[in-house]
Amino acid sequence: MQTDHASPHILDCLIIGAGLAGCVLAHSAERRGLRLVVVQAVSAEPTASEVAAGLMNPVTGRRMALTWKAKELFSFLKQFYPAFEQKLQTRFFYPKAIYRPFDSLKTQNEWIAQSAEKYLSDWIRVILPPEKPFGRQVRDDFGGLLLGGGGFVDIPKLTEAYQMHLKAQQKLKTDNFDSAEAFFESGCWHWKGIKTKHIIVCRGAAERFLDFSFLPFSVVKGDILDIKIQENSAFEGILNRNGWFFEHSQQRYKLGSTYEHTDLSSIPRPEAQEKLLGQLRTLWLGKVEVLKHQCALRPATKDRRPFLGLHPQKPNFWLFNGLGSKGSSLAPFFATHLLEAIFDEQQIDKSVDLMRFLNPDNR
């Protein structure tokens, strides 16, 4: 980085972390005209942003419930990502239909009945009967549900393109931030020659050991496979039941994901691969070849809601974290929400304010 940070120039915010959360937050800050620098950590272990498939699904869970804040999140991201792509001249946002095969006649009947409900009808494209399969290799003996509004974000492509943009603007610094090396004086943070009004940390799962370690993180390890299928078996869209399976790039598919709470190492486990392939066999009849097995830690939280807010003891020291397995859906909306709290003095939604775990009156 060539910018002389010893100059009198004062930043509006120093963003710590250049993964999905940090990049989306920094882009949102740039849209506001804020002066910023992003600090990219030097890490030997894979991060969630490097491994994640970036799936966006408005209807989730075994009971196929509408995801939390689906209307707000998905209407926001549909505008956010295309504008971000245009800025970077890079494609990474892929709207896709999601197909969820029914596992029984009972489930089929339940969803035929529920499909008329307004809160779901906006997302359901069609309920397909067994005689009209989604694809000839798909196991859907009871038909299935075709959902709109979903898709995926190619997170590594997004972060790489945005980091290149930041470098070109001399706004990216590669270093490991340690708050012990920073001090707050006269309304500004000072760190290695940089002066900034605010620091916002977006360090993912690593945060459970750092400045916000007092929060109830519930980190989860996720395994994902890169898969090759037979050329005549290609299909459009995303298969979703007991996991997901979709084409991520030309003739290369993603299969995931596991949720491991005990083994939090960065080493992929053979049993995780077998579990994923076993789940795939309940959905897919075709032959597959495993090309790559990756894993990383998701920055999940105790109540499955993001962590946003101000450190209780450090002035102007903020957190943007806890996006879990839904980072692609959550990041755009809540990055804007946090910036409005910091720079427009708006109140943070109590359901995501980190004070919900520190102040009983804010639950």
Peptides ranked, highest mean first, by Cβ atoms within 10 Å: ranges 196-206, 76-86: 196-206, 76-86
For the residues H190, H9, what sequence is obtained by ranking on other C-beta atoms within 10 Å, fewest first? H9, H190
Contour excess over end-to-end distance, with Cα ends at L277 and F184 and 0.36 nm allotted per residue: 28.3 nm
Picking from C188, I227, F334, whose Cα lies most toward the positive end of the charge dipole for the chain (charges on Cβ: Lys, Arg +1; Asp, Glu -1)? I227
Extension reserve of the S218-R125 stretch, reckoned as 0.36 nm per residue once the Cα distance is removed: 30.0 nm
Listed residues D122, D344, D12, most fluctuating in the chain (Gaussian network, C-alpha, under 10 Å): D344
Order of F214, F307 from fewest to most other C-beta atoms within 10 Å? F214, F307
Each label point is 7 Å from the Cα along the Cα-to-Cβ direction; what then is the distance between the points at K302 and K350, in nm? 1.7 nm
For N242 and S115, calculate 0.36 nm times their separation in residues minus their Cα-Cα distance, and state this gained length in nm to one decimal. 43.6 nm
Within a 10 angstrom radius of the beta carbon, how do M56, M355, M164 rank from fewest other beta carbons to most? M164, M355, M56
In a Gaussian network model of the chain with springs linking alpha carbons closer than 10 Å, the residue among F102, F209, F74 that fluctuates most is F209
Most fluctuating residue given options Y119, Y259, Y99, as computed from a GNM of the chain linking Cα atoms under 10 Å: Y119
Take the Cα atoms of the chain, build their convex hull, and give its volume per residue in Å³. 148 Å³
Collect residues whose amide H, placed 1.01 Å from N in the peptide plane, falls under 5 Å from the amide H of H248; neighbours closer than 5 in sequence don't count. Y253, K254
With x for Gly and Pro, the residue-by-residue ³J(HN,Hα) of region 261-271, computed from phi through the Karplus equation 6.51 cos²θ - 1.76 cosθ + 1.60 at θ = phi - 60° and given in whole Hz, is 9, 9, 7, 9, 6, 8, 9, x, 9, x, 5
Could you list the residues of region 64-80 with an amide nitrogen less than 17 Å from a label point located 7 Å from the Cα of S104 in the Cα-to-C-beta direction? 64-65
Which ³J(HN,Hα) values in Hz, rounded to whole numbers, follow from the phi angles of region 84-90 under the Karplus curve 6.51 cos²θ - 1.76 cosθ + 1.60, where θ = phi - 60° and Gly and Pro get x? 5, 4, 4, 4, 8, 6, 9
Work the Kirkwood hydrodynamic radius out for region 220-298: mean of 1/r over every pair of different alpha-carbon atoms, inverted, in Å. 12.8 Å
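We did not get these values from a lab; they are worked out from the coordinates using the rules stated. Because the structure is a prediction, the values reported are computed rather than measured. Please note: Cβ atoms are built from the backbone with ideal geometry, for glycine as well, and neighbour counts cover all protein chains shown.
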